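Please read the structure below before turning to the comments.
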Amino acid sequence: MLVIVNKIQVPAEHLQMALRGFEKAMPGMKQFNGFLGLELWTAEDGSVTAVSRWESEASLADYTNSDLFKQHHGGITSGAGQSTSYTAKILS
């Protein structure tokens, strides 16, 4: 399993709008084979950490190379926020 962690700084006045944007994006993401889920973590400093889970790098690539990805990211294909990729194993 591949886990992608994106940390995004969101101005306080835009936090709810950003969270709604992620919620609106979910139906589209679910159409991609290998998409396993998305979690949103909101910190006290106003940052949002989006944690997405994918079956493989190929599954993620199908999404990141899609027109839907460009829509979700306002046409930006990289460089937005801080992103880290992990290989994960669920133990329980």
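The values are calculated or read from the model by the stated rules, or taken from the named source; none is laboratory data. Owing to the predicted nature of the structure, the values given are computational and were not obtained by experimental measurement. With ideal geometry, Cβ positions are generated from the backbone for all residues, glycine too; neighbour counts draw on all protein chains shown.
Within the range 12-54, the set of residues being of a type outside the set (Gly, Ala, Ser), more than 17 Å from HIS73 (Cβ to Cβ) and touching a helix residue (DSSP H, G or I) at 6+ places or on another chain (Cβ under 9 Å) comprises ASN33, LEU36, THR42.
Restricting attention to the range 5-18, the residues being assigned to a helix (DSSP H, G or I) and exposed (fewer than 15 other Cβ atoms within 10 Å of the Cβ) number 6. Taking residues in the range 1-29 that are within 19 Å of SER83 (Cα to Cα), and partners anywhere that are among the basic types (Lys, Arg) and exposed (fewer than 15 other Cβ atoms within 10 Å of the Cβ), the pairs with Cβ atoms closer than 9 Å and at least 6 places apart or on different chains are MET1/LYS89.
Per the conditions (1) in contact (Cβ under 8 Å) with a residue 24 or more places away in the chain; (2) out of contact with any strand residue (DSSP E or B) (no Cβ under 6 Å at 6 or more places or on another chain); (3) among the polar types (S, T, N, Q); (4) exposed (fewer than 14 other Cβ atoms within 10 Å of the Cβ), the sole criterion not satisfied by SER59 is (4). Taking the range 19-41 as the range and being assigned to a helix (DSSP H, G or I) and of a type in the set (D, E, K, R) as the test, the residues that pass are ARG20, GLU23, LYS24.
Could you go through the range 9-25 and let me know if any residue there is among the aliphatic types (A, V, I, L, M) and at pLDDT 95 or above.
No; the residues of the range 9-25 include none that is among the aliphatic types (A, V, I, L, M) and at pLDDT 95 or above.
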